[in-house]
Every structure is written in structure tokens, then in C-alpha cells.
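Accompanying notes for the structure given below.
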Amino acid sequence: MFLQIISDIGATALISVILAVILVIAQRYLNDYGICKININKKREVSVKGGSTLLNSLSDQQIYLASACGGKGSCGACKCQVLTGGGPLLPTEKPLLTVKEQQDNFRLACQIKVKTDININIPESIFNIRKYKAQITEILDYTYDIKGITFKLLEPVKIDFKAGQYVQLETQPYGKVKQKTMRAYSISSKPEDTDSIQLIVRLVPEGICTTWVHKYLKVGDEVRFTGPYGDFFIRDTDADMIFIAGGSGKAPIKSILEHLQVVGTTRKMMYFFGARTEHDLYLTDEFKAFEKVFPDFQYVPVLSRCDDGSKWCARTGYIMPYLKDAIKDPKKTEAYMCGSPGMLDACQKELLALGVPQDKIYYDSFA
């Protein structure tokens, strides 16, 4: 009886091994899509090995689509128009595509596997995005959970971007994290500094990239990033401007104001910065100094709560109630916002209620 049990176990184990080998062989051949061609804008064609995502396949060809979530299918930034070869629309894509985008064949490049020849359309500006190698020259502790990091460009040695745009920083494996990933961060330095950039990074609990930045990076380290990305930049008009930000959302506004200091402006500007407590405020003196630089600029910190014993006597609560006093003519007002989705949604509703046109509200949202 005992020998029979051993024999049965051995037979079962052998069958499992054989099935596993068959499965590996089947996957190898079933997933071998050979060389596929990606036709871009009916102007350029690249050949890639099939089986990878469209996002990664383009990246391998030094064509970098935006991907704030690192290709996880949660940000929707890697949208592109797929004319043929993309296969059926996936359930993971639908929540991030409007009905109009779905009708116009827009897809998420991170969700599409290149299994056959494919035809796509992407903005021509994508071809200006490059991959950079840089060295960290400075790390500043702005608050207990926010750092400012300066990167000196090594290759290429210069970058051309618009104030307000962002880059995608590439992490390296560390600790239990075994794979590289990409995350988006707004540039906080002015575009006139072409040989370096600064980023402002807030520590997110268990965040892969922010943990790497805050706990592993040090001065002298070499890093890589791609960019610049985004259409969050000031429009060349004479409209009044309202800036709204919270946390590390201060980064693109800092870049914009430093740029305006260089080129000059007489536009009316008011900047509302939302924070929880006084411990979450940073660069306050630097932003108050802009009030002496520009003829009509005001920096307004707003705390959602005050610490016990705090002597804070300025604005408290939420930003929304203070917006009405900042708007002189809603039809001639532009709003530039960067911060958490919850804050931006609330502020956008208030701006719309006050009469600011939808197409004059610009924002970068991050979780």
C-alpha cells in the first residue's frame, strides 16, 4: 500500500513536470509575434519585436509617450490614436477614455500589446522628448516630507522646456523593489537654466519613486529621466491669473514665476497655496518676495487647520471661499492649478460657479 502511494505521488509529480514543460514551450511559441512594424503619423516606420506593450516598444525606439503612473494603466497619460492593429478596446482602458476618444480610436499605449503591424498617430511634439542622464548636485529638505533635488545634465547637456512642464524620473532597484519604474514630477526651476533642472518631491507612504528619492538618493548619484512633457504652461494673453497649488504642486508655479521674473509681466496675479499646518509651508519668504518683483502679485497661504498653540492669524479653512475676492472679471481670468485631485476638483467647481470659462482653467493633477 505504501509503495503504491509513493508510486502515485511520483506519477503525479512527473505529469506536473511534463505539463509545466509543455506550458513553457507553448507560451514561447504562442507569444512569439516576430518582428512587427509600427507606422507613426504615416511618416515614420519602426520595427520592433512583438509581444511588448506599445508604450515600451516606442520607448525602445527613443519615442517617449507620457506615463505618469509608469505604465500601470492608472493615469491615462499615454493616450494615442491607434488606427489599425490595436485589437479590441480593453476594460482597463474604458474608464480613462471619454466616449469621444473611444469613437476616435484613442487607446492607452501601456495596455496595448504589439502583436501585429500597427498604425498610430501621436503629437509631433513627442519627437522632441529625449532621455537624459544627470547627476544630483543638491538635495534640500523643505519640510519633513518634501525635498528639492537639483540635477546637473550630463547627456545631453542642455534641455529646452516651457515653465510648468514635467519630466519622468526613472527609479533604480532598491531594497525589495527589483524593477525600474517611471514617475512624473514637475520641473520647479526656470527654463532659462538650460544645463540643470530642479524637482520638488513629496514623500508618499510606500510610494516606489518617492521612497527611492527620499531614502536612497544622495548627492553625486547619476539618474535618468525623460522629457519634457505636458501642456501646463502660461498662455500669452493679458488675462488676470490665479494660481492654486498644494504640497509639491508648488513646483510648476515656482518655475512659471521665476520665468516671468526673467521676461517680465504686468499681469494681475494671485497665488493661493493650500497646506494643512504651518509645518507644511515652505519657500514662503521666496514667494512673498515676488510681491516686490511684480507690480500686481499676491501670495496667499491657506491652512486647513492650525496646530495647538499656533499664532497663525492669516487665512484658514479651504481655498474656495477666498476665490471670489480674487476675481475681478471672470471672463478675463485664467486659473493654473496643481495639486491633489480632490483639491483641484473643488476649486474648479468654484471657479466655474464664479464664471471663469472651462477652457481658461488649466491644471496638473496628481494623487
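The values are calculated or read from the model by the stated rules, or taken from the named source; none is laboratory data. Source: prediction; values computed, not measured. Note that we place each Cβ from the backbone using ideal geometry, even for glycine, and neighbour counts take in every protein chain shown.
Here are the numbers:
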quantity: Any hit, the range 67-86, residues being without any contact (Cβ under 8 Å) to a residue 24 or more places away in the chain, more than 30 Å from H214 (Cα to Cα), surrounded by fewer than 18 Cβ atoms within 10 Å (Cβ to Cβ) and hydrophobic (A, V, I, L, M, F, W, C); calculated: no
quantity: Candidates D359, D345, D325, filtered to the one that is of a type in the set (D, E) and closer than 30 Å to G207 by Cα; calculated: D345
quantity: Residue under evaluation D238, criteria (1) at pLDDT below 95; (2) within 14 Å of A184 (Cα to Cα), criterion not met; calculated: (2)
quantity: Of the criteria (1) closer than 25 Å to N56 by Cα; (2) among the hydroxyl-bearing types (S, T, Y); (3) within 14 Å of the chain's Cα centre (by Cα), which one S188 fails; calculated: (1)
quantity: Residues within the range 138-165 that are under 16 Å from H214 (Cα atoms) and either exposed (fewer than 14 other Cβ atoms within 10 Å of the Cβ) or acidic (D, E) (or both), tallied; calculated: 5
quantity: Residue within the range 210-232 that is among the charged types (D, E, K, R), within 14 Å of the chain's Cα centre (by Cα) and in a loop (DSSP other than H, G, I, E, B) present; calculated: yes
quantity: Matching residues, the range 235-288, being more than 16 Å from G317 (Cα to Cα), of a type in the set (K, R), part of a loop (DSSP other than H, G, I, E, B) and more than 21 Å from the chain's Cα centre (by Cα); calculated: R267, K268
quantity: Members of the range 166-182 found to be of a type outside the set (D, E, K, R) and touching an Asp or Glu at 6+ places or on another chain (Cβ under 8 Å), listed by number; calculated: Y166, T181, M182
quantity: All positions within the range 150-184 that are among the small types (G, A, S) and either under 15 Å from E222 (Cβ atoms) or out of contact with any Gly (no Cβ under 9 Å at 6 or more places or on another chain) (or both); calculated: A163, G175
quantity: Selection status of K133, surrounded by 14 or more Cβ atoms within 10 Å (Cβ to Cβ), in contact with an Asp or Glu (Cβ under 6 Å, 6 or more places away or on another chain), in contact (Cβ under 8 Å) with a residue 40 or more places away in the chain and charged (D, E, K, R); calculated: yes
